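Take a look at the structure below.
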Amino acid sequence: METQQATKKKLLFCDNYLWGLLNFRGYIIQHFINLGYDVLLVAPQSGKDGNIPKGARYIPIEMERCGTNPWADFRYFRALYKIYRKERPDYVFHYTIKPNIYGTLAAHRLGIPSTAMIPGLGYAFAGKGFLKVLGAWLYRTGLYRAHRIIVLNKFNYDFILKQKLAPADHLLLFGNGEGVDLTAFPFTDNEDDNCTFLMVSRLLSDKGYNEFVAAARKIKEKYPQFKFQLLGPKGDNNPAAISEEQLEKDVTSGAIEYLGITDDVQSVVGRPGTVVVLPSYHEGLSRSLMEACAMGKPIIASDIPGCRETVEDGVNGFLVPPQNAIALIEAMQRYIDLSKEEKSAFSKAGRRIAEERFDVRKVAERYEQILAEVFAEK
């Protein structure tokens, strides 16, 4: 489905860091460039971000991704407002908490329709008390002014409805997540005598970092040749961020290897013998697990919304209770004990699941449908 354009339309994509925008939404961005849209990207730089797609224009911005300083957030809102006023996009797609709140408010003030995508509810809703109340109020303030709100799993969809964070008729459920480019993440042979347990995520305690390290220490007692690797950005000022001191201690001890970030995730995930692990406490719908499925990598992940959609327990991986290092260790041992034939079957099942559920082309069609609603009215 292609959106017909009488004149060249301008789309703006806004995220809380450039690396995430390029890596998680790169296919969608390129899709609309290919359709002839004028595409703008707005996000803070974060180090090794990757290349801006040809045909897109990047506008840097400063923000405190996880801070609660109201003046910093106001400066971010004002900066977005100035960009939107100058560029006058026809439509804006926002991602993650602060762009969803402040970007939606800025767009609304200028009469620009926008969509807020909620990858996960995040740290603001993980606990109790003032932060959760404030997060709910801010989200409600922003989301009621969005044209559409995309939610990536049924649990979060129901939570948003129950808490009345957004109008029901504005909500869209993308129950199979943001999708993955099955061509860019091809099936790879996973046969190897050794195992590399790879965790692809930000370095946060609520992603299961501590459980992963505990499992690494225990498994390496019996299998010192096995590797435990972490790939992803550091937590910065997120309340759940792993400290530099803790990371250095765990790396120096030999428990884990930290690979940093890369714009070539495929080359890391695609290595033979890789098992992708995500013992997270809460997720929207994990992109790293969808990519693992596509490449035929077995998965060990938490039995929570956002992870369980990617795993058929005992078929392409194992589900474990969150915040349970012992269960994680047991699942790793179960995988190690599988025969070569069983491990091969896990890999093939993962690719099948990706093809059935996670093709990003289907997601691109839903983006087009959102735009068609708006542009048909103009």
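Laboratory data are not the source of any read-out in this text; all were calculated from the coordinates shown. Just so you know, these numbers come straight off a predicted model, no measurement behind them. A quick note on method: Cβ atoms are made from the backbone with ideal geometry, for glycine too, and the neighbour counts reach across all protein chains shown.
Structure notes:
- Rg/Rh for the range 196-357 stands at 0.93; both radii use Cα atoms, and Rh follows the Kirkwood definition.
- For the chain, the membrane-span-like helix rule (DSSP H, alpha carbon extent of at least 15 Å along the helix axis, mean Kyte-Doolittle at least 0.0) picks out 18-34, 130-143, 325-336; this says nothing about an actual membrane.
- Cα-Cα over 22 Å, subset of Lys154/Lys234; Lys10/Lys154; Lys98/Lys234; Lys227/Lys249: Lys154/Lys234; Lys10/Lys154
- Amide H to amide H, with H built 1.01 Å from N, Thr274 comes under 5 Å of Thr196, counting only residues 5 or more places away or on other chains.
- Karplus 3J(HN,Hα) series, Hz, for the range 304-314 with 6.51 cos²θ - 1.76 cosθ + 1.60 (x for Gly, Pro): 9, x, x, 10, 5, 5, 9, 10, 9, 4, x
- Phi to ³J(HN,Hα) by Karplus 6.51 cos²θ - 1.76 cosθ + 1.60 over the range 189-198, Hz, x for Gly, Pro: 5, 9, 5, 6, 6, 10, 10, 10, 8, 10
- Using only Cα coordinates, the Kirkwood hydrodynamic radius of the chain works out to 21.3 Å.
- Translational D in µm²/s for the range 150-228 (Stokes-Einstein at 20 °C, 1.002 mPa s, Kirkwood Rh from C-alpha pairs): 130
- Sites matching trypsin sites (Lys or Arg not before Pro) across the range 137-199 that sit in DSSP coil, with at most 13 neighbouring C-beta atoms within 10 Å: Lys164
- Sorting the segments 293-306, 67-80, 209-222 by their residues' average number of neighbouring beta-carbon atoms within 10 angstrom, most packed first, yields 293-306, 209-222, 67-80.
- Theoretical FRET efficiency, 1/(1+(r/R0)^6), r = Cβ-Cβ of Asn34 and Ala345, R0 41 Å, to 0.05: 0.65
- Checking the cross-link pairs Lys54/Lys86; Lys9/Lys86; Lys297/Lys343 against a 18 Å limit on the alpha carbon distance flags Lys54/Lys86 as lying beyond it.
- Hits among aspartates and glutamates - C-alpha to C-alpha of Lys362 under 12 Å, sequence gap 8 or more where chains match: Glu178, Asp181
- Qualifying GluC sites (Glu not before Pro) in the range 54-154, DSSP loop, other Cβ atoms within 10 Å at most 12: Glu62
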